[in-house]
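Q: My questions will all concern the structure given below.
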Amino acid sequence: MFSKKIVIATLVTAGLFGAAALTLDVDIRVKDSPVATATPPSAEWSPTTGVPKSELDVYYPGSEDLNPDEMRIVALGTGQPSVRPKQASACWLVELGNGDKFLFDVGSGCHERIAAQKIPYDYLDKVFLSHLHVDHYGDLASFWLGGTVMNRLTPLRIWGPTGATPEYGTKYALDLMQKMYVWDVATRMGFVDFRGGVLEVHEFPYDSVNNVIYDENGVVVRSIPAIHTIDGAVSFILEWNGLKFVYGGDTFPNKWYVEHAKGADVAIHECFLPPTLLVTKQGFTPSEGLMVGSQAHSSPEQFGKVMSLVKPRLGVGYHFYNDFDTAPEVRDRVRKTYSGPLALALDYMVFNVTKDDIRVRMSAVDEEIWPSPPLKKKNPPDTSKMIPFSDFIRSGALALPKVVGPIFDEVNEKYGTKIEPTWK
Ligand SMILES: [Zn+2]
Ligand SMILES: [Zn+2]
(Lines give C-alpha, C1' and ligand atoms only; values in the text may rest on other atoms or scores of the structure.)
(Ligands and ions follow the chains in the order given, each with its own letter.)
Protein backbone atom coordinates (compact mmCIF):
# COMPACT_ATOMS: atom_id res chain seq x y z
CA MET A 1 0.00 0.00 0.00
CA PHE A 2 2.74 2.37 1.02
CA SER A 3 4.63 2.06 -2.25
CA LYS A 4 1.44 2.62 -4.25
CA LYS A 5 0.81 5.90 -2.45
CA ILE A 6 4.29 7.07 -3.27
CA VAL A 7 3.79 6.32 -6.95
CA ILE A 8 0.52 8.30 -7.14
CA ALA A 9 2.01 11.30 -5.37
CA THR A 10 4.98 11.21 -7.69
CA LEU A 11 2.79 11.22 -10.79
CA VAL A 12 0.77 14.20 -9.59
CA THR A 13 3.89 16.15 -8.65
CA ALA A 14 5.57 15.35 -11.93
CA GLY A 15 2.48 16.60 -13.75
CA LEU A 16 2.51 19.92 -11.95
CA PHE A 17 6.17 20.54 -12.59
CA GLY A 18 5.83 19.25 -16.12
CA ALA A 19 3.31 21.97 -16.90
CA ALA A 20 5.79 24.72 -16.23
CA ALA A 21 8.61 23.00 -18.05
CA LEU A 22 6.88 21.90 -21.22
CA THR A 23 8.50 24.45 -23.46
CA LEU A 24 11.98 23.44 -22.32
CA ASP A 25 14.18 20.75 -23.68
CA VAL A 26 13.37 17.32 -22.28
CA ASP A 27 16.81 16.84 -20.67
CA ILE A 28 16.56 20.15 -18.84
CA ARG A 29 13.07 19.25 -17.65
CA VAL A 30 14.23 16.01 -16.13
CA LYS A 31 17.35 17.56 -14.63
CA ASP A 32 15.51 20.53 -13.08
CA SER A 33 12.62 18.54 -11.72
CA PRO A 34 12.84 17.87 -7.99
CA VAL A 35 10.93 14.68 -8.67
CA ALA A 36 13.72 13.50 -10.94
CA THR A 37 16.33 13.91 -8.23
CA ALA A 38 14.10 12.47 -5.51
CA THR A 39 12.99 9.40 -7.44
CA PRO A 40 15.22 7.34 -9.70
CA PRO A 41 13.82 6.97 -13.25
CA SER A 42 11.83 3.79 -13.66
CA ALA A 43 9.07 2.41 -15.82
CA GLU A 44 6.60 3.86 -13.31
CA TRP A 45 8.04 7.33 -13.28
CA SER A 46 7.10 8.79 -16.66
CA PRO A 47 3.74 10.54 -16.14
CA THR A 48 0.80 9.69 -18.37
CA THR A 49 -1.68 11.77 -16.40
CA GLY A 50 -1.61 15.16 -14.83
CA VAL A 51 -0.35 17.09 -17.86
CA PRO A 52 -2.82 19.98 -18.30
CA LYS A 53 -4.77 19.61 -21.56
CA SER A 54 -4.06 23.21 -22.49
CA GLU A 55 -0.44 22.24 -22.79
CA LEU A 56 -0.97 19.37 -25.21
CA ASP A 57 0.67 20.11 -28.53
CA VAL A 58 -1.72 17.83 -30.44
CA TYR A 59 -5.51 17.98 -30.42
CA TYR A 60 -7.24 14.68 -29.67
CA PRO A 61 -10.83 15.00 -31.01
CA GLY A 62 -13.48 14.58 -28.35
CA SER A 63 -11.05 15.08 -25.48
CA GLU A 64 -11.07 18.82 -24.74
CA ASP A 65 -13.91 20.92 -23.33
CA LEU A 66 -14.11 24.50 -24.52
CA ASN A 67 -13.97 27.35 -22.06
CA PRO A 68 -17.19 29.45 -22.03
CA ASP A 69 -15.47 32.30 -23.90
CA GLU A 70 -13.58 30.14 -26.40
CA MET A 71 -14.09 29.32 -30.07
CA ARG A 72 -12.58 26.23 -31.69
CA ILE A 73 -12.26 26.03 -35.47
CA VAL A 74 -11.33 22.71 -37.08
CA ALA A 75 -10.31 22.48 -40.74
CA LEU A 76 -11.99 19.36 -42.11
CA GLY A 77 -11.45 20.03 -45.81
CA THR A 78 -8.78 22.33 -47.21
CA GLY A 79 -7.82 20.86 -50.58
CA GLN A 80 -8.80 21.36 -54.17
CA PRO A 81 -11.93 20.18 -56.00
CA SER A 82 -10.46 16.70 -56.48
CA VAL A 83 -10.14 15.00 -53.09
CA ARG A 84 -7.06 13.09 -52.05
CA PRO A 85 -6.24 11.10 -48.89
CA LYS A 86 -4.47 14.04 -47.25
CA GLN A 87 -7.03 16.73 -48.06
CA ALA A 88 -10.79 16.59 -48.51
CA SER A 89 -12.65 19.45 -50.18
CA ALA A 90 -13.92 22.49 -48.32
CA CYS A 91 -15.33 22.00 -44.82
CA TRP A 92 -14.86 24.00 -41.62
CA LEU A 93 -16.26 23.22 -38.19
CA VAL A 94 -16.81 26.06 -35.72
CA GLU A 95 -17.51 25.11 -32.10
CA LEU A 96 -18.39 27.72 -29.50
CA GLY A 97 -18.06 27.81 -25.74
CA ASN A 98 -21.86 28.07 -25.43
CA GLY A 99 -22.18 24.57 -26.94
CA ASP A 100 -23.23 25.63 -30.46
CA LYS A 101 -21.58 24.01 -33.47
CA PHE A 102 -21.65 25.06 -37.12
CA LEU A 103 -20.39 23.52 -40.34
CA PHE A 104 -19.34 25.81 -43.16
CA ASP A 105 -19.45 23.83 -46.41
CA VAL A 106 -19.48 20.04 -46.59
CA GLY A 107 -17.31 19.37 -49.62
CA SER A 108 -16.46 15.99 -51.10
CA GLY A 109 -14.61 13.68 -48.74
CA CYS A 110 -15.23 15.68 -45.55
CA HIS A 111 -17.81 13.39 -43.95
CA GLU A 112 -15.25 10.98 -42.56
CA ARG A 113 -13.38 13.90 -41.04
CA ILE A 114 -16.58 15.22 -39.46
CA ALA A 115 -17.28 11.77 -38.01
CA ALA A 116 -13.73 11.63 -36.64
CA GLN A 117 -14.46 14.63 -34.38
CA LYS A 118 -16.41 12.33 -32.03
CA ILE A 119 -19.35 14.77 -31.92
CA PRO A 120 -22.81 13.14 -31.74
CA TYR A 121 -24.68 13.95 -34.95
CA ASP A 122 -27.50 15.60 -32.99
CA TYR A 123 -25.12 18.44 -32.24
CA LEU A 124 -24.20 18.91 -35.91
CA ASP A 125 -27.49 20.20 -37.27
CA LYS A 126 -26.46 23.54 -38.79
CA VAL A 127 -24.74 23.72 -42.19
CA PHE A 128 -23.94 26.87 -44.16
CA LEU A 129 -23.20 26.44 -47.87
CA SER A 130 -21.07 29.10 -49.58
CA HIS A 131 -22.01 27.92 -53.08
CA LEU A 132 -23.10 24.86 -54.97
CA HIS A 133 -19.83 23.54 -56.36
CA VAL A 134 -19.38 19.85 -55.60
CA ASP A 135 -16.21 20.56 -53.66
CA HIS A 136 -18.32 22.64 -51.25
CA TYR A 137 -21.37 20.41 -50.77
CA GLY A 138 -20.49 17.06 -52.34
CA ASP A 139 -20.75 15.19 -49.02
CA LEU A 140 -24.06 16.75 -47.98
CA ALA A 141 -26.16 13.73 -48.97
CA SER A 142 -23.80 11.37 -47.16
CA PHE A 143 -23.85 13.57 -44.06
CA TRP A 144 -27.66 14.01 -44.20
CA LEU A 145 -28.63 10.37 -44.72
CA GLY A 146 -25.66 8.86 -42.93
CA GLY A 147 -26.68 11.04 -39.98
CA THR A 148 -30.08 9.37 -39.77
CA VAL A 149 -28.39 6.02 -39.24
CA MET A 150 -26.00 7.63 -36.76
CA ASN A 151 -29.02 8.90 -34.85
CA ARG A 152 -29.37 12.53 -35.70
CA LEU A 153 -32.75 13.06 -34.03
CA THR A 154 -33.29 16.68 -35.02
CA PRO A 155 -33.86 18.11 -38.52
CA LEU A 156 -30.76 19.03 -40.49
CA ARG A 157 -30.84 22.79 -41.06
CA ILE A 158 -29.10 24.17 -44.13
CA TRP A 159 -28.52 27.78 -45.11
CA GLY A 160 -27.50 28.56 -48.68
CA PRO A 161 -27.79 31.33 -51.26
CA THR A 162 -30.26 31.92 -54.04
CA GLY A 163 -28.97 32.01 -57.60
CA ALA A 164 -29.55 34.61 -60.29
CA THR A 165 -32.57 32.47 -61.28
CA PRO A 166 -34.42 29.88 -59.13
CA GLU A 167 -32.77 26.84 -60.73
CA TYR A 168 -29.36 28.07 -59.59
CA GLY A 169 -30.44 28.40 -55.96
CA THR A 170 -29.85 26.18 -52.94
CA LYS A 171 -33.52 25.30 -52.50
CA TYR A 172 -33.81 23.99 -56.06
CA ALA A 173 -30.63 21.94 -55.70
CA LEU A 174 -31.68 20.40 -52.39
CA ASP A 175 -35.22 19.63 -53.64
CA LEU A 176 -33.57 17.66 -56.43
CA MET A 177 -31.16 16.02 -53.99
CA GLN A 178 -34.11 14.74 -51.96
CA LYS A 179 -35.70 13.40 -55.15
CA MET A 180 -32.42 11.77 -56.14
CA TYR A 181 -32.31 9.89 -52.83
CA VAL A 182 -35.97 8.92 -52.69
CA TRP A 183 -35.08 5.20 -52.69
CA ASP A 184 -32.57 5.67 -49.88
CA VAL A 185 -35.11 7.62 -47.79
CA ALA A 186 -37.79 4.98 -48.43
CA THR A 187 -35.52 2.22 -47.12
CA ARG A 188 -34.79 3.99 -43.84
CA MET A 189 -38.09 5.58 -42.84
CA GLY A 190 -39.68 2.44 -41.39
CA PHE A 191 -36.48 1.08 -39.88
CA VAL A 192 -35.00 3.88 -37.77
CA ASP A 193 -36.18 6.93 -35.85
CA PHE A 194 -36.12 9.18 -38.91
CA ARG A 195 -36.57 12.64 -37.33
CA GLY A 196 -33.02 13.48 -38.41
CA GLY A 197 -33.93 12.83 -42.03
CA VAL A 198 -35.96 16.03 -42.25
CA LEU A 199 -34.17 18.81 -44.14
CA GLU A 200 -34.89 22.43 -43.28
CA VAL A 201 -33.61 24.62 -46.10
CA HIS A 202 -33.15 28.34 -45.48
CA GLU A 203 -32.41 30.17 -48.70
CA PHE A 204 -31.23 33.77 -48.54
CA PRO A 205 -30.46 36.29 -51.32
CA TYR A 206 -26.95 35.84 -52.65
CA ASP A 207 -26.64 39.57 -53.29
CA SER A 208 -27.54 40.79 -49.83
CA VAL A 209 -24.63 42.58 -48.19
CA ASN A 210 -23.90 41.86 -44.54
CA ASN A 211 -27.51 40.96 -43.76
CA VAL A 212 -28.22 38.66 -40.84
CA ILE A 213 -29.21 35.16 -41.97
CA TYR A 214 -28.97 33.49 -38.55
CA ASP A 215 -29.48 34.92 -35.09
CA GLU A 216 -29.90 32.48 -32.22
CA ASN A 217 -28.43 31.93 -28.80
CA GLY A 218 -26.14 34.97 -29.04
CA VAL A 219 -24.66 33.84 -32.37
CA VAL A 220 -25.12 35.97 -35.49
CA VAL A 221 -24.21 34.84 -39.01
CA ARG A 222 -24.21 37.30 -41.91
CA SER A 223 -23.58 36.76 -45.60
CA ILE A 224 -21.78 38.88 -48.17
CA PRO A 225 -21.56 38.28 -51.93
CA ALA A 226 -18.56 36.42 -53.31
CA ILE A 227 -17.28 36.62 -56.89
CA HIS A 228 -16.76 33.14 -58.22
CA THR A 229 -17.54 31.79 -61.73
CA ILE A 230 -21.21 32.96 -61.86
CA ASP A 231 -23.60 34.82 -59.55
CA GLY A 232 -24.69 32.86 -56.49
CA ALA A 233 -21.58 32.38 -54.32
CA VAL A 234 -21.29 33.98 -50.89
CA SER A 235 -18.96 34.35 -47.91
CA PHE A 236 -20.00 34.12 -44.25
CA ILE A 237 -19.27 36.09 -41.10
CA LEU A 238 -20.02 34.53 -37.71
CA GLU A 239 -19.93 36.66 -34.59
CA TRP A 240 -20.30 35.50 -31.01
CA ASN A 241 -19.13 36.75 -27.65
CA GLY A 242 -16.93 39.44 -29.18
CA LEU A 243 -15.19 36.97 -31.52
CA LYS A 244 -15.44 37.20 -35.29
CA PHE A 245 -14.93 34.31 -37.72
CA VAL A 246 -14.97 34.93 -41.48
CA TYR A 247 -15.17 32.20 -44.09
CA GLY A 248 -14.72 33.26 -47.69
CA GLY A 249 -15.74 30.05 -49.45
CA ASP A 250 -14.43 30.59 -52.98
CA THR A 251 -13.96 34.12 -54.19
CA PHE A 252 -11.98 36.47 -56.35
CA PRO A 253 -10.76 39.39 -54.21
CA ASN A 254 -13.74 41.67 -53.61
CA LYS A 255 -14.73 44.86 -51.84
CA TRP A 256 -17.35 43.20 -49.63
CA TYR A 257 -14.87 40.79 -48.05
CA VAL A 258 -12.33 43.57 -47.50
CA GLU A 259 -14.92 45.81 -45.85
CA HIS A 260 -16.84 43.32 -43.75
CA ALA A 261 -14.05 40.94 -42.73
CA LYS A 262 -12.31 43.82 -40.95
CA GLY A 263 -11.92 43.15 -37.25
CA ALA A 264 -11.90 39.39 -37.81
CA ASP A 265 -10.14 37.24 -35.27
CA VAL A 266 -9.77 34.52 -37.89
CA ALA A 267 -10.27 35.36 -41.57
CA ILE A 268 -10.31 32.35 -43.92
CA HIS A 269 -9.97 33.06 -47.63
CA GLU A 270 -9.08 30.85 -50.54
CA CYS A 271 -5.45 30.79 -51.65
CA PHE A 272 -5.23 28.71 -54.80
CA LEU A 273 -2.05 27.17 -56.17
CA PRO A 274 -0.08 29.62 -58.31
CA PRO A 275 -0.76 29.18 -62.06
CA THR A 276 2.77 27.86 -62.68
CA LEU A 277 2.19 24.96 -60.25
CA LEU A 278 -1.20 24.27 -61.79
CA VAL A 279 0.65 23.82 -65.08
CA THR A 280 3.59 21.75 -63.82
CA LYS A 281 1.82 19.66 -61.15
CA GLN A 282 -1.67 19.33 -62.56
CA GLY A 283 -1.34 19.50 -66.30
CA PHE A 284 -3.25 22.73 -66.81
CA THR A 285 -2.49 24.73 -69.95
CA PRO A 286 -0.95 28.14 -69.20
CA SER A 287 -4.25 29.75 -70.13
CA GLU A 288 -6.25 27.42 -67.84
CA GLY A 289 -3.71 27.97 -65.04
CA LEU A 290 -4.10 31.73 -65.26
CA MET A 291 -7.87 31.75 -65.69
CA VAL A 292 -8.62 29.21 -62.95
CA GLY A 293 -5.79 30.23 -60.62
CA SER A 294 -6.17 34.00 -60.68
CA GLN A 295 -9.53 34.90 -62.23
CA ALA A 296 -12.03 32.28 -61.00
CA HIS A 297 -10.01 31.86 -57.79
CA SER A 298 -7.48 33.93 -55.83
CA SER A 299 -3.77 33.27 -56.26
CA PRO A 300 -1.46 33.44 -53.20
CA GLU A 301 -0.49 37.02 -54.08
CA GLN A 302 -4.16 38.04 -54.34
CA PHE A 303 -4.99 36.27 -51.07
CA GLY A 304 -2.10 38.09 -49.41
CA LYS A 305 -3.30 41.47 -50.64
CA VAL A 306 -6.79 40.83 -49.29
CA MET A 307 -5.31 39.93 -45.89
CA SER A 308 -3.21 43.11 -45.92
CA LEU A 309 -6.37 45.13 -46.42
CA VAL A 310 -8.41 43.21 -43.80
CA LYS A 311 -5.66 42.89 -41.16
CA PRO A 312 -7.18 39.99 -39.21
CA ARG A 313 -5.64 38.65 -36.01
CA LEU A 314 -4.93 35.53 -38.08
CA GLY A 315 -5.20 35.14 -41.85
CA VAL A 316 -5.86 31.60 -43.05
CA GLY A 317 -5.29 30.49 -46.64
CA TYR A 318 -6.83 27.26 -47.90
CA HIS A 319 -7.97 25.49 -51.07
CA PHE A 320 -4.62 24.23 -52.34
CA TYR A 321 -2.66 20.99 -52.15
CA ASN A 322 -0.46 21.86 -49.21
CA ASP A 323 2.75 19.80 -49.36
CA PHE A 324 6.44 20.12 -48.60
CA ASP A 325 7.09 21.15 -52.19
CA THR A 326 4.15 23.55 -52.67
CA ALA A 327 3.86 25.28 -49.28
CA PRO A 328 7.21 27.14 -49.47
CA GLU A 329 6.36 28.67 -52.84
CA VAL A 330 2.80 29.51 -51.80
CA ARG A 331 4.10 31.13 -48.62
CA ASP A 332 6.77 33.13 -50.50
CA ARG A 333 4.14 34.43 -52.89
CA VAL A 334 1.74 35.34 -50.04
CA ARG A 335 4.61 37.20 -48.36
CA LYS A 336 5.00 39.45 -51.41
CA THR A 337 1.73 41.11 -50.41
CA TYR A 338 1.13 40.26 -46.72
CA SER A 339 3.39 40.26 -43.69
CA GLY A 340 0.84 39.60 -40.93
CA PRO A 341 -0.05 36.46 -38.94
CA LEU A 342 -0.64 33.58 -41.33
CA ALA A 343 -1.65 29.93 -41.36
CA LEU A 344 -1.75 27.83 -44.52
CA ALA A 345 -4.43 25.32 -43.70
CA LEU A 346 -4.28 21.55 -43.80
CA ASP A 347 -7.01 19.09 -42.93
CA TYR A 348 -7.20 18.56 -39.17
CA MET A 349 -5.62 21.91 -38.32
CA VAL A 350 -7.25 23.26 -35.14
CA PHE A 351 -7.55 26.86 -34.01
CA ASN A 352 -8.43 27.70 -30.39
CA VAL A 353 -9.51 31.33 -30.33
CA THR A 354 -10.02 33.62 -27.33
CA LYS A 355 -9.72 37.37 -26.99
CA ASP A 356 -6.17 36.92 -25.68
CA ASP A 357 -4.80 34.12 -27.80
CA ILE A 358 -5.10 32.17 -31.03
CA ARG A 359 -3.51 28.76 -30.76
CA VAL A 360 -2.92 26.65 -33.87
CA ARG A 361 -2.27 22.91 -33.65
CA MET A 362 -2.80 19.77 -35.64
CA SER A 363 -5.18 17.01 -34.59
CA ALA A 364 -4.06 13.47 -33.89
CA VAL A 365 -5.49 11.58 -36.85
CA ASP A 366 -6.74 8.15 -35.89
CA GLU A 367 -7.92 5.88 -38.68
CA GLU A 368 -9.46 3.47 -36.17
CA ILE A 369 -11.77 6.13 -34.72
CA TRP A 370 -15.54 5.54 -34.81
CA PRO A 371 -18.25 8.19 -35.07
CA SER A 372 -19.77 9.08 -31.70
CA PRO A 373 -22.82 7.11 -30.61
CA PRO A 374 -25.95 9.18 -29.88
CA LEU A 375 -26.58 10.74 -26.51
CA LYS A 376 -30.34 11.20 -26.91
CA LYS A 377 -33.03 8.57 -26.54
CA LYS A 378 -34.47 7.18 -29.76
CA ASN A 379 -38.11 6.59 -30.58
CA PRO A 380 -39.16 3.25 -32.03
CA PRO A 381 -39.30 3.39 -35.85
CA ASP A 382 -42.63 4.16 -37.49
CA THR A 383 -43.16 0.76 -39.08
CA SER A 384 -46.23 2.05 -40.96
CA LYS A 385 -43.67 3.79 -43.22
CA MET A 386 -42.07 0.46 -44.12
CA ILE A 387 -42.55 -0.42 -47.79
CA PRO A 388 -43.25 -4.14 -48.21
CA PHE A 389 -41.36 -6.34 -50.65
CA SER A 390 -43.15 -7.68 -53.68
CA ASP A 391 -44.32 -11.29 -53.65
CA PHE A 392 -41.61 -12.02 -56.21
CA ILE A 393 -38.75 -10.88 -53.94
CA ARG A 394 -40.36 -12.49 -50.89
CA SER A 395 -40.44 -15.78 -52.77
CA GLY A 396 -36.63 -15.77 -52.97
CA ALA A 397 -35.86 -15.35 -49.25
CA LEU A 398 -34.25 -18.16 -47.23
CA ALA A 399 -35.46 -17.48 -43.67
CA LEU A 400 -33.03 -20.05 -42.16
CA PRO A 401 -34.87 -20.21 -38.79
CA LYS A 402 -32.33 -22.56 -37.23
CA VAL A 403 -29.57 -20.02 -37.99
CA VAL A 404 -31.45 -16.80 -37.23
CA GLY A 405 -33.48 -18.09 -34.28
CA PRO A 406 -30.47 -18.36 -31.92
CA ILE A 407 -29.36 -14.83 -32.89
CA PHE A 408 -32.75 -13.46 -31.80
CA ASP A 409 -32.72 -15.66 -28.67
CA GLU A 410 -29.32 -14.29 -27.70
CA VAL A 411 -30.44 -10.65 -28.01
CA ASN A 412 -33.84 -11.21 -26.34
CA GLU A 413 -32.17 -12.97 -23.42
CA LYS A 414 -29.46 -10.35 -23.03
CA TYR A 415 -31.71 -7.29 -23.24
CA GLY A 416 -35.01 -8.73 -21.94
CA THR A 417 -36.81 -8.12 -25.23
CA LYS A 418 -39.29 -10.16 -27.22
CA ILE A 419 -38.33 -9.35 -30.79
CA GLU A 420 -39.23 -11.69 -33.60
CA PRO A 421 -37.69 -12.00 -37.08
CA THR A 422 -39.67 -10.46 -39.93
CA TRP A 423 -38.60 -13.31 -42.20
CA LYS A 424 -40.18 -16.55 -41.02
ZN1 LIG B 1 -16.17 26.88 -56.23
ZN1 LIG C 1 -13.86 25.42 -54.18
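The values are calculated or read from the model by the stated rules, or taken from the named source; none is laboratory data. Quick caveat, the model's predicted, so the values are computed rather than measured. Here the Cβ is made from the backbone with ideal geometry for all residues, glycine too, and neighbour counts use every protein chain on show. Heads up: the accessible areas ignore ligands, DNA and RNA and are worked out on the full protein's heavy atoms, side chains in. Shrake-Rupley method; radii C 1.70, N 1.55, O 1.52, S 1.80 Å.
Q: Of the peptides 237-248, 189-200, how do they stack up when ordered by the mean number of other Cβ atoms within 10 Å, highest first?
A: 237-248, 189-200
Q: While we're on this one: Which distance in Å, rounded to a whole number, links the C-alpha centroids of the range 286-347 and the range 224-272?
A: The distance from the Cα centre of the range 286-347 to that of the range 224-272 comes to 14 Å.
Q: From the helices alone, meaning DSSP H stretches of at least four residues, give me the mean residue ellipticity at 222 nm for the chain, per-run term -39500 (n - 2.57), in deg cm²/dmol to the nearest 500.
A: Rounded to the nearest 500, the figure is -8500 deg cm²/dmol.
Q: A follow-up question, please. Grab the other residues whose beta carbon is less than 13 angstrom from that of D382, score K and R as +1, D and E as -1, and report the net.
A: Overall, the nearby charge balance is +3.
Q: Separate question: Normalised by the empirical 2.2 N^0.38 Å for globular proteins, what value does the Cα Rg of the range 338-381 take?
A: Normalised Rg, Cα atoms only: 1.90.
Q: Right, something else. Under the rule that a partner needs its Cβ under 4.7 Å from the first Cβ, which Cys of the chain have none?
A: Singleton cysteines: C271.
Q: What's the ranking of 63-69, 207-213 by average number of surrounding C-beta atoms within 10 Å, highest first?
A: 207-213, 63-69
Q: For the ranges 384-390, 354-360, 327-333, what's the packing order if you count other beta-carbon atoms within 10 Å of each residue, average per peptide, and put the highest first?
A: Top to bottom by mean Cβ count within 10 Å: 327-333, 354-360, 384-390.
Q: Next question. Below 9 angstrom from the Cβ of D265, what's the summed charge of the other residues (Lys, Arg +1; Asp, Glu -1)?
A: +3
Q: Set the Förster radius R0 to 45 Å, insert the Cβ-Cβ distance between W423 and V134 as r into 1/(1 + (r/R0)^6), and round the FRET efficiency to 0.05.
A: Result of the calculation: an efficiency of 0.70.
Q: Enumerate the amide H contacts of T154 below 5 Å, restricted to partners 5 or more residues apart or on another chain; note that Pro and chain-start residues carry no placed amide H.
A: Here G196 satisfy the definition.
Q: For the range 215-229, take each phi angle, set θ = phi - 60°, evaluate the Karplus expression 6.51 cos²θ - 1.76 cosθ + 1.60, and give the result in whole Hz per residue in order, putting x for glycine and proline.
A: Those phi angles translate into 8, 9, 6, x, 10, 10, 10, 10, 10, 10, x, 10, 10, 7, 6 Hz.
Q: How much of the accessible area of the chain, in percent, comes from carbon and sulfur atoms when a 1.4 Å probe is used?
A: 60 percent
Q: Now for a different question. Sort K377, K336, K281, K118 by accessible area with a 1.4 Å probe, largest first.
A: K377, K336, K281, K118
Q: Please build a GNM for the chain, connecting alpha carbons under 10 Å apart, and tell me which residue among G283, G163, G107 fluctuates the most.
A: Checking each option, the largest mean-square fluctuation is seen for G283.
Q: Further, regarding this structure: Ordering E70, E216, E368 by accessible area with a probe of 1.4 Å, largest first, what comes out?
A: If we order E70, E216, E368 from most to least accessible, we get E368, E216, E70.
Q: If amide hydrogens are placed 1.01 Å from N in the peptide plane, which non-local residues have theirs closer than 5 Å to the one on H202?
A: Amide H neighbours of H202: I158, W159, G160.
Q: Express the C-alpha Rg of the range 133-289 as a ratio against the empirical globular expectation 2.2 N^0.38 Å, rounded to two decimals.
A: That ratio works out to 1.22.
Q: Accessible surface of D215 in the full protein assembly, 1.4 angstrom probe, to the nearest 10 Å²?
A: Counting only protein heavy atoms, D215 exposes about 100 Å² to solvent.
Q: Roughly how far apart, in whole Å, are the Cα centres of the range 354-370 and the range 388-424?
A: 45 Å
Q: Are there any helices in the chain, counted as whole DSSP H runs, that stretch 24 Å or more along their axis by Cα and score at least 0.0 on average by Kyte-Doolittle, and if so which?
A: 2-21
Q: Ranked by accessible surface with a 1.4 Å probe, highest first, in what order do L342, L290, L398, L124 come?
A: Most to least solvent-accessible, the answer reads L398, L290, L342, L124.
Q: Compare A186, A267, A88 in a GNM of the chain, Cα atoms joined below 10 Å, and give the one with the largest fluctuation.
A: With Cα springs under 10 Å in the chain, the top fluctuation among A186, A267, A88 is at A186.
Q: If you don't mind, there's one more thing I want to ask. For the chain, what are Rg and Dmax over the alpha carbons, in angstrom?
A: When restricted to the Cα atoms of the chain, Rg and Dmax are 25.6, 80 Å.
Q: Compute, for K171, the solvent-accessible surface of its heavy atoms (probe 1.4 Å) with the complete set of protein chains present, and express it in square angstrom to the nearest 10.
A: Accessible surface of K171 is approximately 100 Å².
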